[in-house]
Structure formats: C-alpha cells, structure tokens
Amino acid sequence: MNDAALDKYVAELRARGIGVNVGPRAADLLTPAPAPAAAPAAAKPAKAKAELVANAFIPPPAGKLGPVTFVVGVQTASEANEAHWQRRASRSGIIRKAVSRVLGKELAYLVPFAVAFHKGLHVRVHFVRLGGRRMDKLANLGTAMKAAEDAVCLILGADDGADNWVPTCDQEPGGPYGVRITLSLGS
C-alpha cells in the first residue's frame with residue numbers, strides 16, 4: 001500500500017470513529033530525523049600535555065665519587081589531596097618508571113652509592129621538583145617526590161626508612177616539568 005492509499009484508509013477509519021495510530025512510513029524511515037535543536041553543551045576543554053624537561057645525566061667530576069645528578073622529564077603532583085587511589089597509583093607508577101629508565105642507563109655510577117648505603121654510610125639524596133606552581137613544602141612537596149624516592153631506593157636496594165638514608169627536597173616552580181635527583185655521600 002502506498003502512502004496516498006494509506007492516508008485515504010486512515011481517513012475513512014477515523015471518519016467512522018475508529019482511532020488509528022500510524023507508525024512511521026517507509027519514506028520517513030529512509031530520511032533521518034532532524035536533530036533536536038538544543039543548546040550546545042559547554043565542552044570541557046582538552047587538557048594540554050605538560051611540557052617536560054629533557055632527561056639528562058651529569059656525571060661526577062673525573063676521578064671523584066660524587067655527586068651524581070639525574071634530570072628526569074616527568075610531571076609530578078601532590079598526592080596529599082588526591083582522593084582516588086587509582087589516580088595516585090597511576091601517577092606514581094609513571095614517575096617510578098620514568099626515574100628507573102633514566103637511572104638504569106647509568107647504573108655503573110650508582111654502584112658506589114649502593115655499596116656505601118649497605119656498609120652503613122650516609123647517602124644523601126636531594127630531590128628538586130621542577131616546573132608547575134609552588135607547593136606547600138611540608139604537606140605536598142614530599143608526597144609529590146615520594147614515587148621518585150621509591151624508585152631510587154629500589155635501584156640502590158636501599159630502605160627509605162633507614163637512618164643512613166638522608167633525603168631532602170626542594171622546588172623550582174615555573175617552566176617545564178621534571179625532577180632533578182642528586183646523590184652524594186656524607187652526613
């Protein structure tokens with residue numbers, strides 16, 4: 001039955017008092033329905049990727065044991081205010097992997113620090129958070145550097161709770177993101 005015949009039949013039924021609901025016609029099914037005119041939703045702006053410092057290694061002066069400095073291009077953030085455990089775990093994993101990759105390439109320079117730690121000598125590790133906004137040093141800066149410290153401890157076989165493990169941290173806000181790690185011996 002074509003559309004004209006259907007319209008005529010529906011009109012006759014309605015004239016007799018019979019209620020008729022007519023579903024979509026073949027022509028209606030083939031043409032897309034117009035989109036409802038709604039106010040455009042405010043789109044969340046895409047988060048720009050943070051600029052990172054270039055990975056670098058600064059060896060000790062020739063013939064000397066230290067200090068040794070590594071620069072790792074990774075974005076750090078305070079974990080103190082992050083409520084969702086999966087976000088914390090993901091960010092920590094990214095930081096640990098980045099630090100491990102950079103330090104792993106220069107393991108020969110790290111052996112003396114591992115040996116010194118296991119002999120009971122003090123190993124000083126200074127972490128500097130590069131980039132971003134200034135953080136509260138007491139509550140937030142330490143949590144931002146914790147994953148980097150864990151990676152260094154893992155590589156050296158050190159315990160970050162030992163008396164001869166002496167970590168310190170600082171920050172240099174602004175510019176590209178990264179972490180600078182300097183290892184030295186002595187108390």
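Taken together, the values in this text are just the output of simple stated rules run on the coordinates, not laboratory data. Keep in mind that this is a model prediction, so the values were computed, not measured.
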| request: Report, as a whole number in µm² per second, the diffusion coefficient that Stokes-Einstein gives for region 43-150 at 25 °C and 0.890 mPa s using the Kirkwood radius over alpha carbon pairs. | output: 155 µm²/s
| request: Take the alpha-carbon positions of region 103-177, form their convex hull, and give its projected area averaged over all directions (one quarter of the hull surface) in nm². | output: 5.3 nm²
